[in-house]
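The structure under discussion appears below in the form of structure tokens.
The values are calculated or read from the model by the stated rules, or taken from the named source; none is laboratory data. This structure is a prediction, so every number in the text was calculated from the model and none was measured. Virtual Cβ from ideal backbone geometry, glycine too; neighbours counted across all protein chains shown. Surface areas here come from the heavy atoms of the whole protein model, side chains and all, with no ligands, DNA or RNA. Shrake-Rupley method; radii C 1.70, N 1.55, O 1.52, S 1.80 Å.
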Amino acid sequence: MVPFSIISGRTAGLKLQLGFTLIEVMVIVAITAILFAIAAPTFGEYTTNTRVRAAAEAFQSDITLARNEALKRNLPVTLTYDITTTLSLMTAVTPGTGAIVDIRRRDLTEEAGLVSTPTTAVVTFDSLGRATTGPLILEMSKPSKSTCEAAGGKVRCMSVRISNIGTSRMCDPNLVYASNPRGC
């Protein structure tokens, strides 16, 4: 064991510093606040764009499911998408009885605040999986935040297109398909 006088003699000229000073902590907090202020608007745009894309992907998934159900059941299947009533409903008519059978209901409250043009879409697939209602284009956007990029805004709007043969495709109306495969 070392005597106390030797330890105190060795450390008498040294100044020990433990932790951070108040000024150092304030500088770190100020830098963090500046970085957060710069990143916050970009994060808001990212969140909005993600919600628009997720809604378009969910609609495209509903279309694919309705087409597959028509092929599986060998019956016409109708998909009714109505963002004003927040309901996506997939139905089939049973032959002979004419009774309407609900295949799937999906609540669209997660898409609250989003706008689709048109606000309602009805797509019917025949027993061969073809869209009998003709080609349909559904545009998804979030106008409360900003306008679409095509109109000079910051929101990346998405478009879901259904062809006569029943295939669906999600694309970006701001891009041209000839130069970019994500375009319309």
- Item | Sorted peptide list for 73-83, 125-135, criterion being average Cβ within 10 angstrom, highest first | 73-83, 125-135
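So if R0 is 41 Å, what FRET efficiency would Asn68 and Ala178 give, r being the distance between their Cβ atoms, rounded to the nearest 0.05? Kindly include the intermediate steps, with their values, before the conclusion.
Working: r = 30 Å, r/R0 = 0.74.
Once rounded, the FRET efficiency stands at 0.85.
When DSSP assigns beta bridges and you keep just the ones with both residues in the chain, what percent turn out antiparallel, to the nearest 5? Don't jump to the answer; show the numbers that get you there.
Details: 32 of 34 bridges.
Of the beta bridges lying entirely in the chain, close to 95 percent run antiparallel.
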- Express the carbon and sulfur contribution to the solvent-accessible surface of the range 34-184 as a percent, rounded to the nearest whole number, probe 1.4 angstrom. 60 percent
- Task: Kindly provide the helix-only [θ] at 222 nm of the chain, computed as the sum of -39,500 (n - 2.57) over DSSP H runs of four or more divided by all residues, to the nearest 500 deg cm²/dmol?
- Result: -12000 deg cm²/dmol
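Leaving ligands, DNA and RNA out of it, rank Glu110, Glu57 by accessible area with a 1.4 Å probe, largest first.
On the way: Glu110 150, Glu57 85 Å².
Ranked from most to least accessible, the order is Glu110, Glu57.
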- Note on the structure: Distance in nm between Val25 and Thr84 label points, each 7 Å along Cα→Cβ, equals 5.7 nm
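As an exercise, use a Förster radius of 35 Å and the Cβ-Cβ distance of Leu35 and Thr132 to find the FRET efficiency, rounded to the nearest 0.05.
Values: r = 54 Å, r/R0 = 1.56.
E(calc), rounded to 0.05, equals 0.05.
Let's test the formula: R0 of 45 Å, r as the Cβ-Cβ distance of Glu57 and Ile100. What FRET efficiency results, to the nearest 0.05? Kindly include the intermediate steps, with their values, before the conclusion.
Values: r = 27 Å, r/R0 = 0.60.
With R0 = 45 Å, the Cβ-Cβ based efficiency is 0.95.
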- Task: For the chain, give the magnitude of the charge dipole about the Cα centre (Cβ charges: +1 Lys/Arg, -1 Asp/Glu; no others), in debye to the nearest 20.
- Result: 380 debye
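Can you give the local net charge around Ser163? Use residues other than it whose beta-carbon is closer than 12 angstrom to its beta-carbon, Lys and Arg +1, Asp and Glu -1.
Details: positive: Arg67, Arg130, Arg161, Arg169; negative: none.
Taking every other residue near Ser163 into account, the sum is +4.
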